[in-house]
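Asker: First, the structure itself, so that you have it in front of you.
Laboratory data are not the source of any read-out in this text; all were calculated from the coordinates shown. A quick note: this is a predicted structure, and the numbers were derived from the prediction, not measured. When we count neighbours, we look across all protein chains shown, and the Cβ atoms used for this are built from the backbone with ideal geometry, even at glycine.
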Amino acid sequence: MLRRCFLRRCSLSILITSVITFIIFTACLYHYEYKSMVDAGWNLPSANDTRTPNPQYSFAARVKECCKGEQQEKGETQEVMEPLKMLGVIRDRKDKYIRDIGFKNHAFNALISNNIGPYREIPDTRHKICPREPTGPNEILPTISVIMCFYNEHKMTLIRSINSVIKRTPAHILKEIILVDDFSDLPELEFHLLSDLHAQLHYDRLQYIRNEKREGLIRSRIAGAHAAEGEVLVFLDSHIEVNQQWAEPLVRAVKQENSTIAVPVMDLISPDTFEYSSSPLVRGGFNWGLHYKWITLPKGTLKKDEDFKGPFKTPTMAGGLFAVNRQYFKYIGEYDEGMDIWGGENIEISFRVWQCHGSIKIYPCSRVGHIFRKRRPYSAPDGKDTMKRNSLRAAHVWMDDYKEYFLKETNSARDMDYGDISARVELRQRLKCHDFAWYMKNVYPEMQLPGQETKKTASAAGVYQPWHSRKRNYIATYMMRLTGTNLCASVVAPKVKGFLKKGSPIMLQTCMRTRNQIWYETDKAEIVLDKLLCLESYGDAQVHINKCHEMLGDQQWRHTRNEHS
Ligand code: UD2
Ligand code: MN
């Protein structure tokens, strides 16, 4: 009976009978297991549980955890949000297809994005101290070229990103928007993209560049910068919505000091619901694996209202959203052209700008929402880990002896081929840049060497991995017992790094209430075991456990009523 149930994907009908009989039994067990799961860092819903969710799983929670006491007052809130939940309702098979294929290709809810359409109002998340008057005729601001590169972006999301820029940027400073299509191959983007853009946007200063092969975001941005004519370049990801008067604080800053890189606060757009919410005020740091991470503002930064205007110096930036003087961008060495696809360039440009006498500052009156996906929905054409290699290049050029800490942390990078870095080393010499010890002492004195971390700083902020930001909501926990027996669905498998081995089959074993028999159902209809592993169908008629990929499909299960029981 159990076998038949597994054979029919999305049909746990027979098992559910067992589950119900078993629920009373598990009730006693639940209390014990709940406690041990929470102790182990799980995030379970409970009316009385006021603990913050496991920061490893929630980006928003992580930022909030890192920045208690530094929150700004809530400005205008969610009232202007549309009833987003309704937009996600699946009415027919087409809707389901759009949602499922959207999660697969883009790692966000494309159905909601489609239903929101090319433009929407979003909450103005700025602090009340931020000026609201439009720029007057007496204020001469530099012109800007917005550069947005994309690879297989969801079309409506891309259109809305561009449209938010057109609608919320003073027309006289928006010189152009440059789209760099990084050799996308999704059919929806291959055909009609340009005509759709023109039809939806009615904007004639849109430049479209298409790479002849996949280059990655780093070389794509360089291409965009070379085509640009505005005085200030503004780089934006292709799944964003800029907020009210987002551009003004950034261009003012760059005008005032042309060696400043001006960064907005990155608000959060949920990949599941598209809810737009305010981010707390934080800065950027990094860990010795050279991953970006959020860090708190220095103590006492936000004492009075005026302080909420910033700017705040930041040792690094997340990388996706920033304004820079076009000439300065060229002078400082653009990006390292030897870096591929994704990753590491944000830390590299941060080291470089600071070490070579520039600065990076966050302007909290400028707000741009970004969809924080739970995973990156694409890979490099050769499947390689480009971040590691890119970071290795950055380490060799900028970190002097400190690169040892990176190599210790990322041992597999030690013998990796990182290509020719001579042009970058020459750039560092030409610009007479400071060494890394200077950066550590003057820009990021809070950064500690491995082994020296105090408990406090170690837990202050996690590694920035937006694609791991999923907060799982568990709605039920159960064992699955074969009716009339004492046999339970179990995974008997060796542990790899503390977790059950991926791809292990499901077997029947005497019910023992052990971790390998306890399944957690999420609000996304996944059935999870041992923290990261999801029940997955494969082939035509088999199930096993595999890493939860959060794309639903072969990891989505539905309880159906069993008419014969
Ligand atoms: C963050 C940055 C991102 C970049 C990255 C490190 C923000 C909001 N985002 O990751 O800008 O600095 O860290 O590299 O700070 N893209 C291409 N070609 C590719 C891959 C990506 O054009 O081969 C585009 C992509 O469509 C998107 C942008 O590059 O518009 C950034 O990629 P992402 O959104 O996957 O990166 P994200 O936000 O996870
Ligand atoms: Mn992004």
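Asker: Count neighbours as other Cβ atoms within 10 Å of each site's Cβ, and list the chymotrypsin sites (Phe, Trp or Tyr not before Pro) in the range 129-198 that are DSSP loop with at most 16 such neighbours.
Answerer: Listed in order of number, the matching sites are F183, F191.
Asker: Same structure, new question: Scan around G284 for amide H atoms under 5 Å from its own, H built in the peptide plane at 1.01 Å from N, and keep only partners 5 or more places away or cross-chain.
Answerer: Amide H to amide H, under 5 Å and 5 or more residues apart or across chains, G284 pairs with I295, T316.
Asker: Still on this structure: Run the quick spin-label model on N473 and D382: label points 7 Å from Cα toward the beta carbon, then report their separation in nm to one decimal.
Answerer: Roughly 4.3 nm, to one decimal.
Asker: Still on this structure, I have one more. Within 10 Å, count the other beta carbons around each residue, average over each peptide in 84-91, 438-445, and list them highest first.
Answerer: Highest to lowest by the protection proxy: 438-445, 84-91.
Asker: Separate question: With r as the distance between the Cβ atoms of K304 and F183 and R0 = 51 Å, compute the FRET efficiency 1/(1 + (r/R0)^6) and round to 0.05.
Answerer: After rounding, the FRET efficiency stands at 0.55.
Asker: How far is the Cα center of the range 487-532 from the Cα center of the range 171-241, in Å?
Answerer: 45
Asker: With the cut-off at 24 Å, tell me which of the pairs K403/K497; K96/K293; K384/K501; K293/K432 have Cα atoms farther apart than that.
Answerer: The pairs that break the limit, which is 24 Å between Cα atoms, are K403/K497; K96/K293; K293/K432.
Asker: Antiparallel DSSP bridges in the range 144-467: what percent, to the nearest 5?
Answerer: 40
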